[in-house]
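Here is the structure we will look at, set down as structure tokens.
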Amino acid sequence: AIHQNSKREKKNFVIVDCAALPETLIESTLFGHVKGAFTGAERAQDGLIKHADGGTLFLDEVGELPLSIQKNFLRVLQEREFLPVGAKQRQHSDFRVVAATNRDLRKMVSEGTFRDDLLFRLQSVNIHLPPLRERIGDIGDLTVHFLSKLCQRYGVETKGVAADFIEVLSVYDWPGNIRELYQTIEQVFTEPSLGPTCFSIHLPQRFRVLQAKAGLQPKHVLLPTSSKKLPSWKDYRLQTERDYVEQLVQQAAGSAKNACDISGLSRTRLYQLLNKYDLKI
């Protein structure tokens, strides 16, 4: 989204998977090489940094970048210049850097596994993505989105979603975040007994155990009966969410702390919902 809404949108968006870079070829992969630079280098080849010229260089899992290459990479970030393997003349690349990590880089700095100067260079603008457990309200939309993608991929009709299906997903804490949710939906999608609608019974066993412990009762419908006009999914979700927040405010007796304890929401997410529905606590 950052790339597509910038002046660089017509240039390349280059992904560097730092966790998958082979350490023996990392310099060649990033900086490129000239012909004959090493055994097997039968022709010159540009690296990922050169491909990102004019565009965006996305460092995915930057915490996995080997310490041995961090110094060279810091110079590239500062000067936008690099030296291909085996070359004698530096090359220039004008790129924007976006980096992502699920690791604590400050802790890595204290442990000596990540350079502090590289961290300072990367953290000019920080965007914190809250874990899925702090935005449970997104699970319904994400589930419908993932199901739609899977149905489209395999050429089958769109699946419906029962209320108990979403309820069970919403009481799980999702340590693997959205990737784990997608994997779960994909597992449900391949369930042989799955019909036109996803029910909680189609979820893996660990979720059904969670359902029993939480005392959630199976439900067979998500929306009004077919004899009535169905609301849009967005309208239904918003009304259900508003009803929940209103009841939460009442049960919390005016205390934001109580509301967070009851709902499991973070304080930030709680106030986002209160502002969204013009409620006070």
Item to check | Under-5 Å amide H pairs with Arg96, H placed in peptide plane, nonlocal only | outcome: Gly55, Thr56, Leu57
Item to check | Cβ-derived FRET efficiency at R0 30 Å, Glu157 paired with Ser232, nearest 0.05 | outcome: 0.95
Checklist entry - Counting Lys +1, Arg +1, Asp -1, Glu -1, what net charge surrounds Val16 among other residues with beta carbon under 12 Å of its beta carbon? => result -4
Checklist entry - Expressed in nm to one decimal, what extension gain is obtained for the pair Gln187 and Ser110 from 0.36 nm per residue of sequence separation less their Cα-Cα distance? => result 23.7 nm
Next on the checklist: At 1.4 Å probe size, with the rest of the protein present, what percent of the exposed accessible area of the chain is carbon and sulfur atoms?
Outcome noted: 50
Checklist entry - Short version: ³J(HN,Hα) in whole Hz for each residue of segment 41-46, in order, from phi by Karplus 6.51 cos²θ - 1.76 cosθ + 1.60 (θ = phi - 60°), x for Gly and Pro, what are they? => result 7, 7, 8, 5, 8, 6
Next on the checklist: Over 20 Å between Cα atoms: which of Lys149/Lys276; Lys257/Lys280; Lys159/Lys213 fall into that group?
Outcome noted: Lys149/Lys276; Lys159/Lys213
Checklist entry - What residues of segment 167-194 lie in the reach of a label at Gln205, counting those whose backbone N is under 11 Å from a point 7 Å from the Cα along Cα→Cβ? => result none
Item to check | segment 76-155 shape via C-alpha gyration tensor axes, a/c threshold 1.5 | outcome: oblate
Item to check | Accessible area per residue in Å² at 1.4 Å probe, computed on the chain | outcome: 62
Checklist entry - What order do Phe207, Phe38 take when sorted by accessible area (1.4 Å probe), most exposed first? => result Phe38, Phe207
Checklist entry - How high is the relative contact order of the chain, given as a whole-number percent (alpha carbon pairs under 8 Å, six or more residues apart)? => result 12
Checklist entry - Which translational diffusion coefficient, to the nearest whole µm²/s, is obtained for the chain from the Stokes-Einstein equation, given a Kirkwood hydrodynamic radius over C-alpha pairs, 10 °C and 1.306 mPa s? => result 70
Item to check | DSSP bridge pairs, the chain: antiparallel proportion in percent, nearest 5 | outcome: 20
Checklist entry - Considering amide H positions built from the backbone, and no H for Pro or chain starts, which residues 5 or more places from Val161, or on another chain, come under 5 Å of its amide H? => result Cys198
Item to check | Arg206, Arg269, Arg242, reordered so the largest accessible area comes first (probe 1.4 Å) | outcome: Arg206, Arg242, Arg269
Item to check | Computed label-point distance, nm, for sites Gln247 and His128 using a 7 Å Cα→Cβ extension | outcome: 3.0
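The values are calculated or read from the model by the stated rules, or taken from the named source; none is laboratory data. As the structure is a prediction and not an experimental result, all values here were calculated from the model. Positions of Cβ are generated from backbone atoms using ideal geometry, with glycine treated the same way; all protein chains shown enter the neighbour counts. Heavy atoms of the whole protein, side chains included, go into the accessibility calculation; ligands, DNA and RNA do not. Shrake-Rupley method; radii C 1.70, N 1.55, O 1.52, S 1.80 Å.
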